[in-house]
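Peer 1: I have a structure here, written as structure tokens, and I will follow up with some questions on it.
The values are calculated or read from the model by the stated rules, or taken from the named source; none is laboratory data. Fair warning: this is a prediction, and the values are worked out from it, not measured in the lab. For neighbour counting, all protein chains shown are included, and Cβ atoms are generated from backbone atoms with ideal geometry for every residue, glycine included. Side chains are part of the model used for accessible areas, which takes the heavy atoms of the whole protein and leaves out ligands, DNA and RNA. Shrake-Rupley method; radii C 1.70, N 1.55, O 1.52, S 1.80 Å.
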Amino acid sequence: MDIQDLADIARQMVAPGKGIIAIDESNKTIKKRFDGVGIECTEDNRRAYREMLLTTPNLGDHISGAILYDETLRQSTKAGKRFVDVMAAAGILPGIKVDLGPVGLAGFPGEVVTEGLDGLRQRLKEYVSLGARFAKWRAVITIGEDMPSAACIDANCHALARYAALCQEAGIVPMVEPEVLMDGDHDIETCYDVTEATLRSLYNALYEHNVVLEGTILKASMVIAGKDCEEQADAEEVAEATLMCLRAAVPASVPGIVFLSGGQSDADATAHLNVMNQMGPHPWPLSFSYGRAMQSAALKLWARDIAGNIAAAQETVALRARENGLAALGKWSKELAA
Ligand code: 13P
């Protein structure tokens, strides 16, 4: 696969009016989500839940790709059809989470660095053979007193660059995700500064590691006040700050930017994306790669009756896909989505 093929896949991922559904929770994270709704975290419940999501009728209308966890990439529907085949039939590209999660960064209490580079070349080979077309790696940047350190930002971006280079070598599109967490009481200006510093470090590292930006996707966090900050910015402010930050730090050769929801409400995640797109045109398509903001309504419904509520839960998935697909065009309104 040459770089042109990677660029084609990247463009498909951010096709107009389409975005990504992130269902790549590790078994530890999905257990937390299941615990929250009283569902036992067994392999079969995880499989049934992901089957419900992936078999949502017409999901491909607004969803270009789905990020899966290792276990999910290998699973099948109850009737025995591989999830990757279900996705292919719906025109949805399979993605795979390839990082192994954050661990404490030695020497920097409270900060983390993402692990998973050892053996990644081999794992990527297998993921490609299983049908994955893009791969995600999430770095976590925490804002706090004297945090993040430059060392933490650079260690995480160095790892992102090494993973992205390995992805391109393996013929799979890297979706690079430096997430600046919403946890804390910091204001939006602080989030701006940290996000800009992180993105600058990221693109510096990607350049140094010979990563071809045309064959990548950026998964970004929005510039937004911390969850516990008394002063919350409105949608216009979030959109303006995020756009200014992206323009300052992300090269125009990047084929697309998708946002994580990061703990925003469903309504905020959609409204922020919509306002940003209304402020266009921009150098890149701006779309979504939401986890919680795509799934939370469906998870609650499904959990109440996992065999009986499948269609009702899928309706919410389809609605969230439609709403966010419209927001990716700057055309969302409650009335239109309904
Ligand atoms: P959220 O949208 O729930 O933040 O999840 C997206 C994701 O993939 C985080 O890595």
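Peer 1: With both partners inside the chain, how many of the DSSP beta bridges are antiparallel, as a percent to the nearest 5?
Peer 2: Values: 5 of 35 bridges.
So the antiparallel bridges amount to about 15 percent of the total.
Peer 1: Order these peptides, 238-248, 306-316, 216-226, by their mean beta-carbon neighbour count within 10 angstrom, highest first.
Peer 2: 216-226, 238-248, 306-316
Peer 1: For the range 252-338, count the residues as N, evaluate 2.2 N^0.38 Å, and divide the Cα radius of gyration by that value, please. Could you put the intermediate results ahead of the total?
Peer 2: Values: Rg = 14.1 Å, N = 87, 2.2 N^0.38 = 12.0 Å.
That works out to 1.18 for the range 252-338.
Peer 1: Please list, in chain and number order, the residues 5+ apart from residue 93 or on another chain whose amide H is under 5 Å from its amide H, with Hs placed from the backbone.
Peer 2: Excluding prolines and chain starts, which carry no amide H, the hits are 65, 66.
Peer 1: Here is a further query. Test of understanding: what is the full-extension gain from residue 279 to residue 193, defined as 0.36 nm times their sequence separation minus their Cα-Cα distance? Mind dumping the intermediate values first?
Peer 2: Numbers: separation 86, 0.36 × 86 = 30.96 nm, distance 2.16 nm.
Answer, rounded to one decimal: 28.8 nm.
Peer 1: Let me ask something else about it. Share of antiparallel DSSP beta bridges in the range 111-266, in percent to the nearest 5?
Peer 2: Details: 1 of 14 bridges.
Roughly 5 percent of the DSSP beta bridges within the range 111-266 come out antiparallel.
Peer 1: Here's a follow-up. Would you mind listing how long the chain runs along its three principal axes, going by Cα atoms, in whole Å with the largest first?
Peer 2: Principal extents (Cα only, largest first): 50, 45, 39 Å.
Peer 1: Here is a follow-up. Within the set 28/81; 97/334; 18/331; 136/300, which residue pairs have Cα atoms separated by over 22 Å?
Peer 2: Over 22 Å Cα-Cα: 28/81; 97/334; 136/300.
Peer 1: Follow-up question, since we're still on this one. What list of ³J(HN,Hα) couplings, whole Hz, do you get for the range 146-163 from phi and the Karplus terms 6.51, -1.76, 1.60, once you set θ to phi - 60° and write x for glycine and proline?
Peer 2: 6, 10, x, 7, 4, 4, 5, 4, 5, 4, 5, 6, 4, 5, 4, 5, 5, 5
Peer 1: Just to be sure I follow: if Rg is taken over the C-alpha atoms of the range 19-147 and Rh is the Kirkwood radius over the same atoms, what is Rg/Rh?
Peer 2: On the way: Rg = 16.3 Å, Rh = 16.0 Å.
With Rg and the Kirkwood Rh in hand, the quotient comes to 1.02.
Peer 1: Rounded to whole Å and sorted largest first, list the principal axis extents of the Cα atoms in the range 87-142.
Peer 2: 47, 23, 9
Peer 1: Going 7 Å from the Cα of residue 126 in the Cα-to-Cβ direction, what parts of the range 69-93 have a backbone nitrogen less than 15 Å from that spot?
Peer 2: Once the point is set 7 Å along Cα→Cβ of residue 126, 69-75 turn out to lie under 15 Å by backbone N, inside the range 69-93.
Peer 1: Calculate, for the chain, the solvent-accessible area per residue in square angstrom, rolling a 1.4 angstrom probe over the heavy atoms of the protein chains.
Peer 2: On a per-residue basis, the chain sits at 41 Å².
Peer 1: Can you give me the % of accessible surface on the chain that is carbon or sulfur? Probe 1.4 Å, all protein chains present, nothing else counted.
Peer 2: 51
Peer 1: Give me the Kirkwood hydrodynamic radius of the range 245-300 in Å, from all C-alpha pairs, to one decimal place? Each step should come with its number before you reach the end.
Peer 2: Details: mean 1/r = 0.0816 Å⁻¹.
So the Kirkwood estimate lands at 12.2 Å.
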